[in-house]
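The values are calculated or read from the model by the stated rules, or taken from the named source; none is laboratory data. All values derive from a computational prediction rather than experimental measurement. All Cβ positions, even for glycine, are placed from backbone atoms using ideal geometry, and neighbour counts span all protein chains on display. With ligands, DNA and RNA removed, areas are computed over all heavy atoms of the protein, side chains included. Shrake-Rupley method; radii C 1.70, N 1.55, O 1.52, S 1.80 Å.
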Amino acid sequence: MHSSRLLSFVLASLLAIPSLGITLTNPSQLTTLTYDYVIIGAGNAGLVIANRLTENANVTVLVLEAGVSDQGVIAAEAPFLGPTLTPNTPYDWNYTVVAQAGMDGRTFPYPRGRLLGGSSSANYLFHQYGTFEDWNRLANISGDSGWEWSNMKPYIQKHEKFVPPVDGHNTTGQFIPSLHGFNGEVSVSLYGYNQQSIRAYSPLRNSWQSSHTTRTRAAVTISSRYRVPPIFGCRPNLTVLINATVMKLLQTGTTSTGLKSFRNVQFISSQGLAPSPSATPITVTANKERHLNALNISTTIDHPSVGENLSDHTLLPNIYSVQGNLSFDNILRDPTATLDQWIQNKTGLFANNVVNNFGFLRIPANATIFQTTPDPAAGPNSPHWEIIIANFWFNPGIPQPATGSFMTVVSVLISPTSRGTIKLASTNPFDKPVINPQYLTTDFDIFAMRESVQAINRFVGAPAWSDYVVGPFGSSFAAATDDSSIDSYVRGLTTTIFHPVGTAAMSPAGATTGVVNPDLTVKGADGLRIVDASIFPFVPSCHTQGPVYLLAERASDIIKAADA
């Protein structure tokens, strides 16, 4: 995304602010080894559940996080710099995908946050909840009406604390208050310090900006709010231990109904799609016949669906050369003053997240692809792809050119039909997993990406942009003028926006497929739940942080009710 100079500068500054809190870093610091709940993974879901369960002072919770603390890490605190935390840093798991057949055999990083807050501490701060059709589809698939949007929407009030934007501008008429919460846990806001080139020249760009509402976009603070109790000692019943990799879950018995029990303590796995590959659910409930036998790993519970059904949004940065110096490229080439401004008073460019202009779109209903492929969207009100506009060079993994001004119009495949897998590489619990999303391996996915490129070119080709946009940057993009050349361009540049889901998918109670029941208990297990994005059978029609927050809020209520 940013230049290598910016990344190096930020990494050199990461420890410039001392940690303000107390975080346990070694098991020897634990004052007890007995807890009511152990939560594996301190990301959005894990920390939400820890917070909610310890509202009861008589309930004890231990949160185990393999990564490090985010306290004092500037790039985890300055919104614009979140993406610099990945890849190839101490704050990333530093995974890569295997060679992708649908992407010309390329391999590339697969960012996953390895610090308190998980990927929510290293993301782009998009905050959305998906469409009502996403949640209704989950309810239909699982057979549990509790997942319907009408039942999930109230959790916004518990989750959100809507606050003024960082630049203090008047937000009257820019959002609908009835759709938001004002007394919740996580601060959510409209953008501040808008990216000016999007609105500087013409009415078209003004209208694009004014159409932007918090129904589909807001900035959100990372999950630090959920870490306040353990850090400052407000809840002695909640303990967070970092640098703690879970190696194995030990079965404690078998219930009268034949469930394998882990009941000395209740385990809640909130690790996301690609955690430490040794931990639940991968080795405890993995596919025996097709995978673990080859590694000579004994299986406690055989679940063929574990690690299957991997679904993710893809990202294609369509980069245009632009005139003048209104882009942020020169600032990012020498970020010293901008970073200092943020450190000193938390204002300026870095106080905002990386982008704040975008929209969701559908492929026309009469498109030829629907003659052979059913519409994969959650419903007629759900999108197929997303457009994101950045006022600078935005190309993950490819350094910013030394000169030039750029505008990037990203296209994101929102309703993919390609499905992949995640598997163990070996019996060594510290070896990285084998991640194969199988991106762009279906007719619909490549059709949708081709349509997005054509639509973006039409959009940028409008007269309103003529005094700003020079043209496509790079020979491959410039040559993408027909279906074949566009497909080649798409396959040669697309990567991931890292919204993986599906590898521990929810299914109806009693179903032989899927991994978790509608109450998030692992099928065939007692005392073990999975609460993270991996339980979604389909990737939501949005950036996944928001849906995971709502998922965790309801999961907390389910767990409390079950143990009442």
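Descriptive notes on the structure:
- Take the convex hull of the alpha carbons in region 63-161; its mean projected area over all directions comes to 9.4 nm².
- Taking N as its residue count, the alpha carbon Rg of region 292-350 over 2.2 N^0.38 Å: 2.33
- Set of lysines with alpha-carbon distance to LYS560 below 27 Å, sequence-local pairs under 8 removed: LYS153, LYS158, LYS161, LYS248, LYS260, LYS523
- Both the radius of gyration and Dmax for region 368-442 are 18.1, 48 Å, in that order, over alpha-carbon atoms.
- For region 133-174, alpha-carbon Rg and Dmax in angstrom: 15.6, 45
- Förster radius 35 Å - calculated FRET efficiency between THR372 and GLU148 (Cβ-Cβ, nearest 0.05): 0.65
- At R0 = 30 Å, FRET efficiency that the Cβ-Cβ distance of SER426 and ALA562 yields, to 0.05: 0.25
- For region 339-354 and region 118-157, distance of Cα centres in Å: 31 Å
- Computed over all pairs of different Cα atoms, the Kirkwood value for the hydrodynamic radius of region 467-564 is 16.7 Å.
- Length added when fully stretched, ASN170-SER261, from 0.36 nm per residue minus Cα-Cα: 27.3 nm
- The mean accessible area for residues of region 56-110, using a 1.4 Å probe and ignoring ligands and nucleic acids, is 32 Å² per residue.
- Sequence ranges 118-124, 51-57, ranked by mean other-Cβ count within 10 angstrom, highest first: 118-124, 51-57
- Length gained when the stretch ASN26-SER298 is fully extended (0.36 nm per residue, less Cα-Cα span): 95.0 nm
- When peptides 410-421, 176-187 are ranked by their average number of other Cβ atoms within 10 Å per residue, the highest-first order is 410-421, 176-187.
- Estimated FRET transfer efficiency (THR96, GLN454; beta-carbon r; R0 25 Å; 0.05): 0.25
- When region 401-513 is reduced to its Cα atoms, the Kirkwood hydrodynamic radius in Å: 17.3 Å
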